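For reference, the structure discussed in these notes is given below.
The values are calculated or read from the model by the stated rules, or taken from the named source; none is laboratory data. Given the structure is predicted, the values throughout are model-derived calculations rather than measurements. Ideal geometry is used to build each Cβ from the backbone, glycine not excepted, and the neighbour counts take in all protein chains shown.
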Amino acid sequence: MQNWILRSLIELFMRTVTFSVENGQAVRALLEQKRPFVLVFWHGSMTYPWWRMRGRNAAALVSHSKDGQILANLLRSWGYHVLRGSSSRGSKEAMQAMRGAVREGHVLCVTPDGPRGPYHEMKMGAVRVAQTMHVPLVSVSVGYRRYRRLKSWDRFEIPFPFTRARVVYSEPVIIDPELTGEALDEVRLSIEKAMTAQYRTAVLEVS
């Protein structure tokens with residue numbers, strides 16, 4: 001019952017928000033072609049991407065925590081294939097599960113700074129999956145004109161009803177399968193920096 005109430009509230013709430021989307025054509029094309037890819041977004045602004053990808057053959061990596069269980073139940077109700085694990089616990093098994101989801105044709109959704117931060121610091125997992133499975137990696141950021149920011153490590157954002165929001169997608173990134181070590185970490189860092197800039201753009205453009 002609680003899960004049904006949460007899902008209904010989020011769906012009702014998000015439908016009051018007016019979204020404008022920048023550079024969404026690449027993701028639309030991937031979805032229309034039913035091509036698997038990796039979609040990454042920051043933990044603190046994850047509500048919109050989770051809601052947006054419902055019913056779209058998506059898979060989600062969710063931690064084993066109590067909060068993770070609540071999220072897992074919600075995502076399952078939206079039709080997600082839920083994978084349990086994180087970069088800090090069960091990382092080897094989580095990597096295998098993420099690769100398996102992509103292999104099965106799912107869009108893999110990951111919060112690369114989750115489940116415990118640090119804030120807006122990207123871990124390697126999503127990059128390695130995109131690289132080894134030879135699929136594109138796309139990032140998405142959302143900025144709300146009016147919202148509440150919680151005092152949690154991820155500075156979780158709750159948009160106000162009937163506010164405006166700006167959604168910004170990146171171009172798909174193809175990661176060279178030959179890269180290892182420092183060279184691969186430079187790619188991870190460049191994606192992290194691009195996501196930070198993307199988030200700032202979304203926030204500034206909606207203000």
Next on the checklist: So, Leu184, is that one among the aliphatic types (A, V, I, L, M), over 23 Å from Met53 (Cβ atoms), assigned to a loop (DSSP other than H, G, I, E, B) and modelled with pLDDT of 95 or more or not?
Outcome noted: no
Item to check | Selection status of Gly100, surrounded by 14 or more Cβ atoms within 10 Å (Cβ to Cβ) and within 30 Å of Phe13 (Cβ to Cβ) | outcome: no
Checklist entry - Which helices (runs of 4 or more DSSP H) sit wholly inside the range 21-96 and have at least 1 residues that are surrounded by fewer than 14 Cβ atoms within 10 Å (Cβ to Cβ) and of a type outside the set (A, V, I, L, M, F, W, C)? => result 25-32, 66-77
Next on the checklist: Scan the range 115-122 and tell me whether some residue there is within 17 Å of Asn3 (Cβ to Cβ) and of a type in the set (Ser, Thr, Tyr).
Outcome noted: no
Checklist outcome for this item: The condition of being free of Cβ contacts under 8 Å to residues at least 60 places away in the same chain and crowded, with 16+ Cβ neighbours inside 10 Å holds, among Val168, Val173, only for Val173
Item to check | Residue, surrounded by the fewest Cβ atoms within 10 Å (Cβ to Cβ), within the range 103-135, restricted to residues that are farther than 20 Å from Arg155 by Cβ and of a type in the set (S, T, N, Q) | outcome: Thr132
Next on the checklist: Just to be sure I understand, how many residues within the range 155-188 are of a type in the set (A, V, I, L, M, F, W, C) and under 17 Å from the mean Cα position of the chain (by Cα)?
Outcome noted: 6
Checklist entry - Of all residues in the range 142-162 being among the hydrophobic types (A, V, I, L, M, F, W, C) and in contact with a Ser or Thr (Cβ under 7 Å, 6 or more places away or on another chain), which is surrounded by the fewest Cβ atoms within 10 Å (Cβ to Cβ)? => result Phe162
Item to check | Failed condition for Ser190, given (1) part of a loop (DSSP other than H, G, I, E, B); (2) free of Cβ contacts under 8 Å to residues at least 60 places away in the same chain | outcome: (1)
Next on the checklist: If I filter the range 66-74 for residues that are farther than 26 Å from Arg164 by Cα and in contact with a strand residue (DSSP E or B) (Cβ under 7 Å, 6 or more places away or on another chain), do I get at least one hit?
Outcome noted: yes
Checklist entry - Within the range 13-50, which residues are closer than 15 Å to Phe156 by Cβ and of a type outside the set (A, V, I, L, M)? => result Phe13, Phe41, Trp42, His43, Gly44, Ser45, Thr47, Tyr48, Pro49, Trp50
Next on the checklist: Please go through the range 131-151 and give me each residue that is aliphatic (A, V, I, L, M) and over 14 Å from the mean Cα position of the chain (by Cα), ordered by number.
Outcome noted: Met133, Val135, Leu150
Checklist entry - Looking only at the range 122-150, which residues are touching a strand residue (DSSP E or B) at 6+ places or on another chain (Cβ under 6 Å), more than 30 Å from Ser207 (Cβ to Cβ) and charged (D, E, K, R)? => result none
